[in-house]
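Quick notes on the structure that follows.
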Amino acid sequence: MERFRMKGKIAAGMLLGLVISCLATTVILLVLAFVMLKLQPDTGVIETAILVTYAISCFFGGLYCGRRAEHKKFIWGTLLGVLYFLLLFLISGMGDRAVQSGLAQSLTALAICAGGGMLGGMLAR
């Protein structure tokens, strides 16, 4: 019975970590949209800012999951980053057009999401 309770705690922590990551993404993208409106930066700057947004969002989610976990916090943060990437991948696939990003861009985004979540998990106390 204790084992099921522990799995439920982990699943609830992951779900709440994903919610925190999505809320952080929403806030950061709203600020980024305002900055883009005022400054009109180049496409390369915008793409970099979006990748930084992914990293920061996964960091906050990994930080939360790491605080909830008792052992191997970096693994839980990494898992959160991977789940966040999968959520982004599914959402981007639901658009009108097919997923246009190539394999290299997808792997880069996966590495950034996993790395941000792992760093958040490692720094959690």
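Out of 47, 70, one residue alone is at pLDDT below 95, surrounded by fewer than 18 Cβ atoms within 10 Å (Cβ to Cβ), under 15 Å from residue 112 (Cα atoms) and of a type in the set (D, E, K, R). It is 47. Here residue 113 fulfils each of the conditions (1) surrounded by fewer than 18 Cβ atoms within 10 Å (Cβ to Cβ); (2) at pLDDT 95 or above; (3) of a type outside the set (Val, Ile, Thr); (4) closer than 22 Å to residue 10 by Cα apart from (1). So, of the residues in segment 91-110 that are modelled with pLDDT under 90 and among the hydrophobic types (A, V, I, L, M, F, W, C), which turns out to be farthest from the chain's Cα centre (by Cα)? That would be 98.
The set of residues in segment 73-88 that are aromatic (Phe, Trp, Tyr), modelled with pLDDT of 95 or more and within 19 Å of residue 124 (Cβ to Cβ) contains only 84. A residue that is surrounded by 14 or more Cβ atoms within 10 Å (Cβ to Cβ), more than 16 Å from residue 20 (Cβ to Cβ) and touching a residue at least 40 places away in the same chain (Cβ under 8 Å) occurs somewhere in segment 98-110. Remark: pairs (first residue in segment 56-68, over 9 Å from residue 123 (Cα atoms) and touching a residue at least 24 places away in the same chain (Cβ under 8 Å); second residue assigned to a helix (DSSP H, G or I) and among the aromatic types (Phe, Trp, Tyr); Cβ separation under 6 Å; 6+ apart in sequence or on different chains) = 58/84; 65/76. Of all the numbered requirements in (1) closer than 18 Å to residue 121 by Cβ; (2) surrounded by 11 or more Cβ atoms within 10 Å (Cβ to Cβ); (3) not aliphatic (A, V, I, L, M), residue 41 misses one, and that requirement is (1).
The rows are residues; the columns are (1) assigned to a helix (DSSP H, G or I); (2) within 20 Å of residue 108 (Cβ to Cβ); (3) touching a strand residue (DSSP E or B) at 6+ places or on another chain (Cβ under 9 Å); (4) aromatic (Phe, Trp, Tyr).
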position: 10; (1), (2), (3), (4): yes, no, no, no
position: 20; (1), (2), (3), (4): yes, no, no, no
position: 30; (1), (2), (3), (4): yes, no, no, no
position: 47; (1), (2), (3), (4): yes, yes, no, no
position: 50; (1), (2), (3), (4): yes, yes, no, no
position: 63; (1), (2), (3), (4): yes, no, no, no
position: 70; (1), (2), (3), (4): no, no, no, no
position: 76; (1), (2), (3), (4): yes, no, no, yes
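The values are calculated or read from the model by the stated rules, or taken from the named source; none is laboratory data. Given the structure is predicted, the values throughout are model-derived calculations rather than measurements. Don't worry about glycine lacking a Cβ; one is built from the backbone with ideal geometry, like all the others, and counts go over all protein chains shown.
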